[in-house]
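The values are calculated or read from the model by the stated rules, or taken from the named source; none is laboratory data. Note that the structure is predicted; figures quoted are calculated from it, not measured. Heads up, the Cβs are rebuilt from the backbone with ideal geometry, glycines too, and the neighbour counts pull from every protein chain shown.
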């Protein structure tokens, strides 16, 4: 029985020195029903440029609400 009963969005940067991209692929495989989105950039891009990933997150949340 999976511990996560909701879908999950895994965000991973393709140039992240803190958390390598391979970790995103591993998490995606281990979390049933997860969706992996690989974005250009690194760890701090989530904070430095949040508007670039906002549409990805909003799409995921809208799809999950259905």
(request) Examine the range 38-50 for a residue that is surrounded by 13 or more Cβ atoms within 10 Å (Cβ to Cβ) and assigned to a helix (DSSP H, G or I), and state whether such a residue exists. (result) yes
(message) So in the range 51-66, with the set limited to residues that are at pLDDT below 90 and assigned to a helix (DSSP H, G or I), which one is surrounded by the most Cβ atoms within 10 Å (Cβ to Cβ)?
(response) 64
(request) Six or more apart or on different chains, Cβ under 8 Å: which pairs go from a residue in the range 1-25 that's assigned to a helix (DSSP H, G or I) to one that's at pLDDT below 90 and surrounded by 10 or more Cβ atoms within 10 Å (Cβ to Cβ)? Could you list them? (result) none
